[in-house]
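Quick one: this structure, given as structure tokens, is what I'll be asking you about.
The values are calculated or read from the model by the stated rules, or taken from the named source; none is laboratory data. Computed from a prediction, not measured in an experiment: that's the story for all the values here. Ideal geometry is used to build each Cβ from the backbone, glycine not excepted, and the neighbour counts take in all protein chains shown. Protein only, heavy atoms only, side chains kept; ligands, DNA and RNA dropped before computing areas. Shrake-Rupley method; radii C 1.70, N 1.55, O 1.52, S 1.80 Å.
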Amino acid sequence: MVTRTVDLRSDTVTKPTETMRAAMATADVDDDVLCHDPTALRLETEMARITGKEAALFVPSGTMGNLICVLVHCDIRGSEVVLGNNSHIHIYENGGISTIGGVHPRTVKNNEDGTMDIDLIEAAIRDPRGALVYPITRLICLENTHANSGGKCLSVEYTDQVGELAKKHGLKLHIDGARIFNASVALGIPVHRLLQAADSASICLSKGLGAPVGSVIVGSNSFIAKAKILRKTLGGGMRQVGILCAAAIVAVQENVGKLEGDHKNAKVLAEGLNKIKGIKVDAASVETNIFYFDIEESSKHTAESLSKYLQQRGILVMLEGPSRVRIVLHHQISESDVQYTLSCFQQALTGVPDQNGI
């Protein structure tokens with residue numbers, strides 16, 4: 001019988017804290033579609049301040065946030081956006097920019113650190129003189145941290161370079177900053193500086209920060225005014241949304257400080273797994289709360305069989321292929337959970353419990 005659960009599938013699985021629940025229960029609310037919800041306005045004002053942008057807007061999800069941002073910048077159907085071939089917007093958001101917005105994706109190869117080579121980005125930008133036959137490039141998208149690269153952080157220097165390139169060609173820059181607070185903590189650089197070159201950004205409140213629902217998009221006053229119309233069009237205009245925003249405010253106030261612990265636990269877990277025969281982890285490359293590991297061919301386990309073994313012991317992981325597994329840490333995973341997890345992995349792959357026991 002499983003008596004303990006260690007959920008490492010994603011940082012989206014966190015449960016609201018008691019402080020969040022109390023804030024939700026007592027939230028001062030009104031109709032946000034009419035722009036009168038005081039708690040939503042409080043969250044948006046704070047997020048605009050933190051990110052150094054003029055305005056912010058609460059949206060139900062990161063996918064909707066990214067979609068709105070792309071559609072505001074690419075308001076003419078047939079526009080083109082340059083983005084990473086391994087980016088969240090391109091892979092995991094249902095092709096919404098194309099199916100809903102009529103925006104064409106032009107992909108550039110993501111490097112292992114989540115960046116795209118500057119010269120390749122520039123080469124992907126269409127010559128406006130070819131508008132008779134080509135889509136018109138209007139936007140570049142980056143992702144920080146870059147999830148599919150294992151939570152890698154994009155540096156200020158790199159982001160600034162891309163921002164300068166966008167300006168050179170008269171383009172806009174959007175940053176999918178779902179985990180921008182993780183990047184800020186890992187790099188020791190304020191969020192507003194990481195987003196300085198961006199014309200817009202989306203920030204998830206329900207990932208590393210642990211709020212139950214929602215994201216925020218940020219940009220200029222005129223950008224957010226247009227975004228608010230699109231939010232309504234997409235069905236994201238929610239009435240007494242302050243109930244959700246109250247929990248998000250708690251998340252921003254209380255959980256940013258916990259991210260460093262998440263990163264530390266991820267490093268400890270990665271290093272521990274790399275010592276177990278049959279598993280390969282690039283522990284030295286772990287920067288934030290996400291990493292991947294591969295199961296070696298010599299192992300008796302596949303990713304699926306290992307996952308089932310772990311699940312029977314209350315440990316949940318995300319499969320990324322026949323021999324590849326994703327691990328994500330969050331503030332509700334303790335140091336004790338990490339040691340328990342290592343012990344279960346050790347027994348699964350070698351048949352021998354480690355010194356921590358189970």
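Just for region 217-245: of the residues that are touching a Ser or Thr at 6+ places or on another chain (Cβ under 9 Å), part of a helix (DSSP H, G or I) and among the small types (Gly, Ala, Ser), which one is surrounded by the most Cβ atoms within 10 Å (Cβ to Cβ)?
Gly242
Thr288 fails exactly one of the following numbered conditions: (1) touching a Lys or Arg at 6+ places or on another chain (Cβ under 8 Å); (2) of a type outside the set (A, V, I, L, M, F, W, C); (3) within 30 Å of Ser184 (Cα to Cα); (4) open to solvent by 70 Å² or more (accessible area, probe 1.4 Å). What is the number of that condition?
Unmet condition: (4).
Hey, another quick one. If I ask for residues that are modelled with pLDDT of 95 or more, over 11 Å from Ile276 (Cβ atoms) and out of contact with any helix residue (DSSP H, G or I) (no Cβ under 9 Å at 6 or more places or on another chain), which ones from region 328-358 would you list?
Within region 328-358, Gln332, Ser336, Tyr340 meet the criteria.
Of all residues in region 340-351 being without any contact (Cβ under 8 Å) to a residue 24 or more places away in the chain and on the phi < 0 side of the Ramachandran plot, which is most open to solvent (accessible area, probe 1.4 Å)?
Gln347
Being touching a residue at least 60 places away in the same chain (Cβ under 8 Å), assigned to a strand (DSSP E or B) and of a type outside the set (D, E, K, R), is that true of even one residue in region 36-54?
Step one: list which residues in region 36-54 are touching a residue at least 60 places away in the same chain (Cβ under 8 Å), which gives 37-40, 42-44, 46-48, 50-54.
Still in the list and also assigned to a strand (DSSP E or B): none.
Looking through region 36-54, none of the residues is touching a residue at least 60 places away in the same chain (Cβ under 8 Å), assigned to a strand (DSSP E or B) and of a type outside the set (D, E, K, R).
Kindly check whether there is at least one residue in region 89-98 that is at pLDDT 95 or above, among the polar types (S, T, N, Q), within 19 Å of Arg239 (Cβ to Cβ) and open to solvent by 10 Å² or more (accessible area, probe 1.4 Å).
No, there is no match, as no residue in region 89-98 is at pLDDT 95 or above, among the polar types (S, T, N, Q), within 19 Å of Arg239 (Cβ to Cβ) and open to solvent by 10 Å² or more (accessible area, probe 1.4 Å).
Can you find, within region 60-79, the residue that is surrounded by the most Cβ atoms within 10 Å (Cβ to Cβ) among those that are in contact with a helix residue (DSSP H, G or I) (Cβ under 6 Å, 6 or more places away or on another chain) and among the aliphatic types (A, V, I, L, M)? Don't jump to the end; show me each part of the working.
If we filter region 60-79 for residues that are in contact with a helix residue (DSSP H, G or I) (Cβ under 6 Å, 6 or more places away or on another chain), which is where we start, we get 66-68, 70-72.
When the remaining residues are screened for being among the aliphatic types (A, V, I, L, M), the result is 67-68, 70-72.
Details: Leu67: 27, Ile68: 29, Val70: 31, Leu71: 23, Val72: 24.
Ranking the candidates gives Val70 first.
Restricting attention to region 1-12, report how many residues are farther than 27 Å from His192 by Cα and either open to solvent by less than 70 Å² (accessible area, probe 1.4 Å) or more than 23 Å from the chain's Cα centre (by Cα) (or both). Walk me through how you get there before you give the answer.
Residues of region 1-12 farther than 27 Å from His192 by Cα: 1-9.
When the remaining residues are screened for being either open to solvent by less than 70 Å² (accessible area, probe 1.4 Å) or more than 23 Å from the chain's Cα centre (by Cα) (or both), the result is 1-8.
Counting residues in region 1-12 that are farther than 27 Å from His192 by Cα and either open to solvent by less than 70 Å² (accessible area, probe 1.4 Å) or more than 23 Å from the chain's Cα centre (by Cα) (or both) gives 8.
Pairs please, first residue from region 283-295 and over 20 Å from Gln346 (Cα atoms), second anywhere and of a type in the set (D, E, K, R) and part of a helix (DSSP H, G or I), Cβ atoms under 6 Å, 6+ apart in sequence or on different chains.
Val286/Lys267; Asn289/Asp262
Among (1) open to solvent by 40 Å² or more (accessible area, probe 1.4 Å); (2) of a type in the set (Lys, Arg); (3) within 27 Å of Glu260 (Cβ to Cβ), where does Lys300 come up short?
(3)
For region 30-59, what are the residues that are open to solvent by 30 Å² or more (accessible area, probe 1.4 Å) and touching a Ser or Thr at 6+ places or on another chain (Cβ under 6 Å)?
Hit for region 30-59 is Glu54, nothing else.
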